[in-house]
Each structure stands twice: as structure tokens, then as C-alpha cells.
1. Summing Lys, Arg as +1 and Asp, Glu as -1, what charge do residues with Cβ under 15 Å from the Cβ of residue 336 carry, residue 336 excluded?
2. If the viscosity is 0.692 mPa s and the temperature 37 °C, what Stokes-Einstein diffusion coefficient in µm²/s follows for the stretch 240-313 when Rh is the Kirkwood radius over Cα pairs?
3. Decide, for the stretch 237-390, between rounded, prolate and oblate: order the square roots of the alpha carbon gyration tensor eigenvalues as a ≥ b ≥ c, take rounded if a/c falls under 1.5, and otherwise choose prolate if a/b is larger than b/c, else oblate.
4. Could you tell me which chymotrypsin sites (Phe, Trp or Tyr not before Pro) in the stretch 310-390 are loop residues by DSSP with no more than 13 other beta carbons within 10 angstrom of their beta carbon?
5. Give the relative contact order (percent, whole number) for the stretch 230-347; include only Cα pairs under 8 Å separated by 6+ residues.
6. In the stretch 229-314, which trypsin sites (Lys or Arg not before Pro) are in a loop and have at most 16 other Cβ atoms within 10 Å, using DSSP for the loop call?
7. Net charge within 12 Å of residue 261 by Cβ-Cβ distance, Lys/Arg positive one each and Asp/Glu negative one each, not counting residue 261 itself?
8. So, in Å, what gap is there between the alpha-carbon centers of the stretch 32-99 and the stretch 314-329?
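The values are calculated or read from the model by the stated rules, or taken from the named source; none is laboratory data. All figures in this text were calculated on a predicted structure; none of them were measured in a lab. Cβ: placed from backbone, ideal geometry, glycine included. Neighbour counts: every protein chain shown. Just so you know, the surface numbers come from the protein's heavy atoms only, side chains and all, with ligands and any DNA or RNA stripped out. Shrake-Rupley method; radii C 1.70, N 1.55, O 1.52, S 1.80 Å.
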Amino acid sequence: MPIPQHETTEDGRALGALLAGGGTWTWAYVDASGDREDPQHLAALQRRKAEDALRAAGADAAVIDTVMAELEETPGVPAPVSRYVLVHDGGLVLSEVLPGHMHGPESVGHGAVPDLVPLLAHRPLDVPFLVVEVGRGGGGYRAYRLGHADHPDQREEQQVQGRTDTLHEFQGGGWAHLRWQHHTEELWRQNESEVAAAVQDAVDRLSPRLVIVAGDIRARQLLISELSKTKATASLVSEVPIDPRASDASEDGVREHVDIALARVVAQRRHDVEDLLRTHDGRGDGEVAVGLGPVVEALQQAQPAIVVLDPAGFADRTVLALDAAPWIATAPEQALGAAVLGPVPAPVGLVRAALLTDAAVVYANTAALPGGAPAAALLRWRTGPEIPGA
């Protein structure tokens with residue numbers, strides 16, 4: 001059973017490059033919900049608490065001001081919502097509003113090893129997808145990439161304007177009326193065929209994992225019929241029974257459908273990874289590492305394609321963060337000449353090492369992992385037997 005397509009996100013690769021360069025990091029992951037009693041007062045107390053924590057950790061005034069400026073901004077989305085701010089060597093790397101419940105406790109710190117665990121929890125996959133809107137006169141698509149849970153980045157847009165010169169309703173009857181209806185239907189088919197060709201080209205180029213189709217009901221039917229001619233594309237299509245172009249339509253309906261469809265994609269891919277872990281572990285074929293020690297050992301060799309972990313399953317266990325390859329260790333003698341930056345919580349060290357070795361990170365519940373271990377990994381190449389020739 002092959003490892004599913006589950007590459008590191010673009011954000012993950014960029015963070016990995018920054019991590020490899022060393023430097024000093026400052027971060028804050030806090031609850032930014034405004035649905036509490038006296039939210040302004042609570043927010044001020046929260047910022048003061050974060051400021052005190054950063055000052056105690058050794059952050060200078062300029063860095064603290066940068067973080068506080070981001071935390072002072074109103075999220076602009078309904079509760080629950082959190083915010084994650086990351087600064088590297090004094091420069092703002094990212095400031096994200098993360099809708100939804102918090103994934104773990106608040107985290108504020110300053111040092112050589114940032115806590116990226118909550119950020120990746122809100123950015124589960126790199127999911128390209130298309131949102132297609134069609135009408136009788138044509139249509140178009142927008143291409144997005146889901147970098148984190150609720151704020152997709154738009155990557156490109158294309159509109160296809162079909163023929164509309166004879167799409168108006170013909171007032172009449174008899175044979176001429178039937179012929180005119182047939183002609184109009186053919187124009188619709190031609191228009192949707194052109195839209196389908198543009199969408200198919202985008203599918204071939206961008207490899208989306210979801211194609212959302214909304215718009216005029218008849219136009220949707222014709223477009224989906226065209227897209228169904230390619231089996232791989234047909235499996236990606238999810239129809240929204242809404243025409244966003246209608247005067248009484250709300251964009252919220254399309255957005256909710258997109259959110260639900262994306263959540264299903266994320267859940268299915270997590271299930272696929274968990275199933276692969278159990279399958280390979282049951283076979284004993286050397287294609288998985290299970291447990292903190294074996295996963296650390298695999299990361300030291302840049303062997304994992306996907307690291308799966310339950311951040312809540314490690315209790316107080318720590319690992320050593322290193323300033324160069326092999327990046328992570330469980331004991332100083334494993335450093336292989338790299339300097340030890342210090343002990344860090346096991347999830348923090350595993351996520352950092354995964355990003356540094358271009359491995360994807362998936363969060364799962366310990367109960368779903370082989371043997372109830374808090375960490376496991378799907379490997380890029382098979383581990384050999386412990387005893388040569390065995």
C-alpha cells in the first residue's frame with residue numbers, strides 16, 4: 001500500500017528553511033475570542049500576561065512591541081478564535097487569526113526553538129481546491145490553497161464568457177419554438193463545455209483535491225456532465241445547490257459547503273494515514289516507526305515522509321533540540337557534533353525536526369496509533385532488520 005500524497009505544505013517548507021538558519025524566535029498563541037464578559041478588559045489582561053512572559057524570557061522591547069501590536073488587533077471573525085504570532089530575529093514572520101477552538105493550551109515564549117505545534121494544528125494539510133461558478137452564459141473558477149483551517153489563499157482566477165446572444169426566452173409556440181429551445185440548449189452545452197475545458201486544464205496543472213461547483217441549476221448539471229467524462233476529475237466534484245449569482249443568494253451557503261467539504265478531505269486523509277500505519281505495523285515490513293525513540297531515530301536520518309503524533313500524549317517527556325543535523329536527539333551522545341540548544345517538549349522537538357527534514361506532520365489521537373504510542377512515522381524507505389540476514 002503506497003504512502004498517500006501528503007507533501008509538506010508551502011508554509012512548512014518556508015518555516016523549515018528559516019529554522020535551519022538558526023536565530024532567535026518569539027511566539028504567542030493565545031485565545032482571541034470576544035464572546036466573554038468584559039472582553040476588552042480580559043484581552044488587556046491577556047496581553048499584559050503575554051508581555052510579562054516575553055520579558056521574563058529575555059525578549060527585547062522592540063520584539064515585545066511587535067508581538068503586542070499584532071495581539072491588539074481585533075480578529076474580525078466570530079468566536080471561538082485564536083491568534084498565532086511568530087517573530088524571527090526581530091522580524092515578523094506571520095500573524096494569523098485562527099478561527100475555531102484552540103488546539104491545546106496557550107503558548108508564549110522567546111528562544112532558539114519556537115513552539116510551532118499549535119500553528120500546524122490549525123494548518124493540517126496543503127489542500128489545493130477549485131470553486132467553480134457557472135451560469136447560462138458561461139462561468140469560471142477560482143483556485144485556492146488551504147494553508148490553514150479557515151483562510152484559504154486565492155492563487156488564480158479565470159472566467160469563460162460563452163455566447164449569450166440567443167439565450168433569452170423565446171416567446172412563441174409550435175415547431176419554431178421547439179427548434180429554438182433546442183438551439184438554446186446547444187448553446188448552454190457549448191458554453192459549459194468551454195468552462196469544463198478550462199476547469200479540466202486547472203485540474204491537470206494544479207492537482208486540486210476538491211472541485212466545488214455552484215451556480216445556475218441547469219448550468220451545473222451540464223458542467224458536471226462534462227467533467228464526469230474524466231473519471232479522476234469526477235471523483236473530485238462536490239455540487240453546491242446554490243446559485244451565488246442570484247439576487248437572493250448568500251455567499252455564506254457556498255462558504256459553509258466549502259468548509260464542510262474541506263473538513264471531509266482532511267478527515268479522510270488523516271484516516272488514510274492512520275490506516276497505513278496500522279497496516280504496515282501489522283505486517284512488520286519496516287516501513288513505519290512507532291514510539292518516541294524510534295521516530296526520533298528515523299528523523300535523525302531524514303527518513304519519515306509523514307510524522308504522526310498526539311501532542312497531548314507525551315506528558316512531560318522532552319527531547320534535545322540541536323542546531324544542525326541530525327536536529328533532534330534523546331541523549332547528548334546522539335548529537336553527532338551538533339550543538340545542543342536545550343531540552344524542549346517532545347511535540348515541539350518532533351514538529352521542528354519534521355519541518356527541517358521536509359516531512360509532513362499529521363495530528364491524531366493516541367488511541368488511533370499503533371500500540372497507543374504518542375508518535376509514529378511513515379517512512380520514505382524501509383528500515384533493515386536489526387540482525388543482518390534476518
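1. The answer is -3.
2. The Stokes-Einstein estimate is 210 µm²/s.
3. prolate
4. Within the stretch 310-390, the qualifying chymotrypsin sites (Phe, Trp or Tyr not before Pro) (loop, at most 13 other Cβ atoms within 10 Å) are 381.
5. After rounding, I find 15 percent.
6. Passing both the DSSP loop test and the Cβ count: 229, 245.
7. Every neighbour counted, the sum reads 0.
8. 27
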